[in-house]
Amino acid sequence: MRVIFALWLALAGVASARQTENIIFVMVDGLRWQEVFSGAEAALVDPTNGGVKNVADLNEKFGGPTPAARRAALMPFLWQTVVPAGQLYGNCTRGSVARVTNGLKFSYPGYSETLCGFVDPHVDSNDAPPNPNVTVLEWLHRKPAFQNRVAAFGAWDAFDRILNRGRCGFYVNAAYAPVTNGLLSPCAELINRLKAETPRFVDGEPYDSLTFYAALEYFRANQPRVFFVSLGETDEWAHMGRYDEYLVAAHRADEYVRRLWETAQSLPRYRGRTTLIVACDHGRGSGPRAWRDHGKKVTGAENTWLAVLGPDTPALGERVDLPDITQNQIAATLAALLGEDYCAAVTNAGKPVTDVLGQKTALKER
């Protein structure tokens, strides 16, 4: 009995030390680990291989003599703020592999694996119907502490189906849909008009700026505890073979993450109580043509990356020489940072990435 009581006290002490009360989770569609860790790839800063319109201009923006210099130019917030104070996984050249397990290596299955924590073989198309599986976002929303405190913004219209907007119960805003939920600032109303009136970049997916600023205004006004944002231009520009625009979109995504994080740190509800997670849904191939593509037949498109920054995550920086982590672990990791045991409820979900949790996080008893 004394041993059990001592164990309970130890766990209670750990749980009380946990500081994460909120999660911001940003996904950047199809952004390769190669650019995240090495910056602009010289062979693709080229009119033929990368569809680059102005090589000198692109090199001035994102060039550098070393991978470290190039990656810092491309994603300064990630490398100057997130990595020194948090953790980053996925540099395959340094023994850190992050990968999908769905075998399909494209978006709907990748997002479903990420958010549900397991692979459903029936989710095998980007045109799949509404997700029959409950995501970790929906699972959290069903709990009293998170009810009506979860929201999601996605550039791609498929998020209505990925998150099963008709069933999930929390607010989902996808593609060109106006923001209609919660408090609306004058800026949010303007963004709604811009969504309706801006010429369409891709059918079913606006420019990331429209998605991001709609999300940022909602975040400020409504202050959800769990906030999901997905940006899509990186994937679209890569498919179009425009390496210049792909890099600019990656740089802009990094800036958007910075703005969202700094906004959170400026608000008492979030300051020192929030964990940031940044990831992608799939990788891409390598080489003059394959970098544009991903999918079941594309070698290397299974490789992804994961970044975490927050009060409960030890500052271990870029992770090297460690076992693989997988996309199906993210859902349980997100829940565990909030003190929730997702794997107890979803037994086929991947286990949390324990290093991200450190010594401060304890799972609640069920």
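For THR263, indicate whether it is of a type in the set (Val, Ile, Thr), more than 20 Å from GLY90 (Cβ to Cβ) and not in a loop (DSSP other than H, G, I, E, B). Yes, satisfied.
Looking only at residues of segment 248-290 that are of a type in the set (Gly, Ala, Ser) and buried (at least 17 other Cβ atoms within 10 Å of the Cβ), we find that the one that is farthest from the chain's Cα centre (by Cα) is SER286. Given the structure, is VAL123 assigned to a loop (DSSP other than H, G, I, E, B), out of contact with any Gly (no Cβ under 8 Å at 6 or more places or on another chain), at pLDDT 95 or above and crowded, with 22+ Cβ neighbours inside 10 Å? Yes, satisfied. Taking the criterion of being of a type in the set (Gly, Ala, Ser), surrounded by fewer than 24 Cβ atoms within 10 Å (Cβ to Cβ) and in contact (Cβ under 8 Å) with a residue 40 or more places away in the chain, the only residue of segment 291-306 that qualifies is GLY295. Among the criteria (1) surrounded by 23 or more Cβ atoms within 10 Å (Cβ to Cβ); (2) among the hydrophobic types (A, V, I, L, M, F, W, C); (3) in contact with a Gly (Cβ under 9 Å, 6 or more places away or on another chain); (4) farther than 22 Å from LEU309 by Cβ, the one CYS116 does not fulfil is (3). Against the test of being small (Gly, Ala, Ser), within 25 Å of the chain's Cα centre (by Cα) and farther than 24 Å from VAL356 by Cβ, the options ALA68, ALA85, ALA40 yield a single qualifying residue, ALA40. Do you know which residues across segment 195-215 are surrounded by fewer than 15 Cβ atoms within 10 Å (Cβ to Cβ), in contact (Cβ under 8 Å) with a residue 12 or more places away in the chain and in a helix (DSSP H, G or I)? Correct list: ALA196 only.
Report whether or not TYR256 is in a helix (DSSP H, G or I), in contact (Cβ under 8 Å) with a residue 60 or more places away in the chain and either touching a strand residue (DSSP E or B) at 6+ places or on another chain (Cβ under 9 Å) or over 26 Å from THR93 (Cα atoms) (or both). Yes.
Here is the figure for segment 43-67: residues that are more than 17 Å from ARG242 (Cβ to Cβ) and in contact (Cβ under 8 Å) with a residue 12 or more places away in the chain total 3.
Here's a check for you: in segment 49-64, which residue that is of a type outside the set (D, E, K, R) and more than 29 Å from the chain's Cα centre (by Cα) is nearest to PRO288 (Cα to Cα)? So the residue we want is VAL55. Out of curiosity, is ALA332 under 20 Å from GLY154 (Cα atoms), modelled with pLDDT of 95 or more and buried (at least 19 other Cβ atoms within 10 Å of the Cβ)? So ALA332 fails the test. Check segment 233-241 and report whether any residue there is of a type outside the set (Val, Ile, Thr), touching a Ser or Thr at 6+ places or on another chain (Cβ under 8 Å) and under 18 Å from VAL36 (Cα atoms). Looking through segment 233-241, at least one residue is of a type outside the set (Val, Ile, Thr), touching a Ser or Thr at 6+ places or on another chain (Cβ under 8 Å) and under 18 Å from VAL36 (Cα atoms). Residues of segment 235-280 that are charged (D, E, K, R) and either closer than 19 Å to ALA72 by Cβ or in contact with a Leu (Cβ under 9 Å, 6 or more places away or on another chain) (or both): ASP235, ASP244, ARG252, ASP254, GLU255, ARG258, ARG259, GLU262. Considering only segment 44-67, I want to know if a residue exists there that is part of a helix (DSSP H, G or I), surrounded by fewer than 13 Cβ atoms within 10 Å (Cβ to Cβ) and aliphatic (A, V, I, L, M). There is at least one residue in segment 44-67 that is part of a helix (DSSP H, G or I), surrounded by fewer than 13 Cβ atoms within 10 Å (Cβ to Cβ) and aliphatic (A, V, I, L, M).
So that you can scan it fast, the table gives a plain yes or no per residue for (1) among the β-branched types (Val, Ile, Thr); (2) in a helix (DSSP H, G or I):
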{"position": "GLU217", "(1), (2)": "no, yes"}
{"position": "ARG220", "(1), (2)": "no, yes"}
{"position": "VAL229", "(1), (2)": "yes, no"}
{"position": "THR234", "(1), (2)": "yes, yes"}
{"position": "ALA238", "(1), (2)": "no, yes"}
{"position": "ARG252", "(1), (2)": "no, yes"}
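The set of residues in segment 275-286 being touching a residue at least 60 places away in the same chain (Cβ under 8 Å) and either in a loop (DSSP other than H, G, I, E, B) or basic (Lys, Arg) (or both) consists of CYS280, ASP281, HIS282, GLY283, ARG284, SER286. The residue list ALA332, ALA344, ALA307 contains one member that is in contact with a Pro (Cβ under 7 Å, 6 or more places away or on another chain) and not in a loop (DSSP other than H, G, I, E, B), which is ALA332.
Residue count for segment 128-169 under the criterion of being among the acidic types (Asp, Glu) and in contact with a Pro (Cβ under 9 Å, 6 or more places away or on another chain): the result is 1.
Considering segment 68-98, the residues that are charged (D, E, K, R) and surrounded by 21 or more Cβ atoms within 10 Å (Cβ to Cβ) include one that is farthest from ASN303 (Cα to Cα), namely ARG70.
The values are calculated or read from the model by the stated rules, or taken from the named source; none is laboratory data. For clarity, every value in this text was computed on a predicted model and none was experimentally measured. Methodologically, a virtual Cβ is constructed for each residue, glycine included, from the backbone with ideal geometry; neighbour enumeration extends over all protein chains shown.
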